[in-house]
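Data first, discussion second: the structure below is written as structure tokens.
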Amino acid sequence: MLLIVLCLGAISQSIDNDDFVVTHGPYLQNLSPSGVTIIWSTNKPAVPGVNLVTPDGNKSFIRNSHDGIIDGGGLIHKVRIDGLEPGNTYRYAINSVQILKYQAYRIYYGDTLARKAESFTTPSLKSEKVSFTVINDVHENSGKMANYLKNGNSVNHDLYFFNGDMVDWLQETAQLFRGFIDTAVTYFATSKPFYLVRGNHETRGFVARELKSYFDFKDDRFYYSFNNGPVHFLVLDCGEDKPDGNRYYYGLADFDSYRLEELEWLKKEVNSDAYRNAKHRIVIVHMPIIKEEKQGHGLRFLADNFGPVLQSAGIDLMISAHTHRNTFYEAGKSGFGYPVLVNSNNSFVEVEADLKVIKAVVKDAAGKLIAEYIIK
Ligand SMILES: [Fe+2]
């Protein structure tokens, strides 16, 4: 009798009885007037797809492929949808087909998970305003961010920036999800895009090497630009704060040459038609690019190299983070002739820009006003 019980125990242990589920997401990335990327994860390997419904009711099922092979087989799923029209609202539902066995001549599928429909709206090319929220230095304390969001703050905003140091370091993927992505999904990220701006802490730890796997960055870089309404956004990657030779990097940091590559891109970018023709130009960067007497290596490198380029390009506003203190440098005080709003780790920035002004307010987690700035 004992033998039978032991055998049954062995059998039940060999059967995978865990349900096939969506573990994180979906969340929107890289939303443009003509496309969007939808990301989610499952607890078992799957083939991802998205059911899309256009405003006039046309339905399609979208899967991506690379080099002739349909995407799938992993746990993180990214589906890019292109060919959309600007200023339209689309409904979408993620679809995951579990893969039980994946051999050369035999593939077994398991359950199909069809999630409820969500929606997103592509930016209009003619919009005369844009609103956005900036959150930074959360350092995996997602509860603080949830407090701010659950109070209904920034609920109708068009987009969100996570301006760096959202995690302490990246030793495991779970830090990204419990640190901020899951909270973003709960409050807005199924229907509004967020932009993760790399801070110095996102460069640390083994999983930092795989950061791009969990997001979709425009042009597959951590620095890029895009238009929304009257604003041309410039997202910059500040790199690490200490010299590449610092002992805590153990010989694996190469940020000075990386930043010089970024600088070459920036010099071209500020001469582009999109930059020159925009009503406002706003730079989002984790470490503030300002001139100060005492600066660590990273801050000084940015000030020496990027500051003069941004000064002569005439940016209207820089929004930064990193110092964990609220500071506003008026145009004449940053050292480069542009205003810099540095947001602390306990506050949140809400910005509304129209054809005339950029209005930025800083609030605490309860939504109480800390400061207000109007940039003309
Ligand atoms: Fe930082």
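The values are calculated or read from the model by the stated rules, or taken from the named source; none is laboratory data. Everything quoted here is computed from the prediction, not taken from an experiment. Cβ: placed from backbone, ideal geometry, glycine included. Neighbour counts: every protein chain shown. Heads up: the accessible areas ignore ligands, DNA and RNA and are worked out on the full protein's heavy atoms, side chains in. Shrake-Rupley method; radii C 1.70, N 1.55, O 1.52, S 1.80 Å.
Every residue in segment 145-159 that is assigned to a helix (DSSP H, G or I) and surrounded by 20 or more Cβ atoms within 10 Å (Cβ to Cβ), please.
We begin by selecting, within segment 145-159, every residue assigned to a helix (DSSP H, G or I); these are 145-150.
Correct list: Met145, Tyr148, Leu149.
Just one of the listed residues (Ile290, Ile282) is among the aliphatic types (A, V, I, L, M), part of a loop (DSSP other than H, G, I, E, B) and either within 18 Å of Thr133 (Cα to Cα) or modelled with pLDDT of 95 or more (or both), and it is Ile290. Against the numbered list (1) within 16 Å of the ligand (Cβ to nearest atom); (2) surrounded by fewer than 22 Cβ atoms within 10 Å (Cβ to Cβ), Met287 comes up short only at (2). Taking into account only those residues within segment 160-198 that are free of Cβ contacts under 8 Å to residues at least 40 places away in the same chain, farther than 21 Å from Asp219 by Cα and open to solvent by less than 20 Å² (accessible area, probe 1.4 Å), which is farthest from the chain's Cα centre (by Cα)? Result: Gln175.
Taking segment 201-223 as the range and being assigned to a helix (DSSP H, G or I), open to solvent by less than 60 Å² (accessible area, probe 1.4 Å) and free of Cβ contacts under 8 Å to residues at least 60 places away in the same chain as the test, the residues that pass are Glu202, Thr203, Val207, Ala208, Leu211. Cβ-Cβ distances below 8 Å connect the following pairs, each with a first residue in segment 316-327 that is free of Cβ contacts under 8 Å to residues at least 40 places away in the same chain and open to solvent by 40 Å² or more (accessible area, probe 1.4 Å), a second residue that is small (Gly, Ala, Ser) and within 14 Å of the ligand (Cβ to nearest atom), and a separation of six or more residues or different chains: Thr323/Ser344; Arg325/Ser344. For Thr133, the criteria (1) outside any helix (DSSP H, G or I); (2) within 16 Å of the ligand (Cβ to nearest atom); (3) buried (at least 19 other Cβ atoms within 10 Å of the Cβ) hold in every case but one, which is (2). Of the residues that make up segment 246-263, is at least one under 13 Å from the mean Cα position of the chain (by Cα) and part of a helix (DSSP H, G or I)? No - not one qualifying residue is present in segment 246-263. Total residues in segment 248-273 satisfying the condition of being within 21 Å of Gly205 (Cβ to Cβ) and of a type in the set (Val, Ile, Thr): the figure is 0. Can you pull out the residues in segment 224-245 that are within 16 Å of the ligand (Cβ to nearest atom) and either assigned to a helix (DSSP H, G or I) or touching a Ser or Thr at 6+ places or on another chain (Cβ under 8 Å) (or both)? Val235, Gly239, Glu240 - these are the residues of segment 224-245 that are within 16 Å of the ligand (Cβ to nearest atom) and either assigned to a helix (DSSP H, G or I) or touching a Ser or Thr at 6+ places or on another chain (Cβ under 8 Å) (or both).
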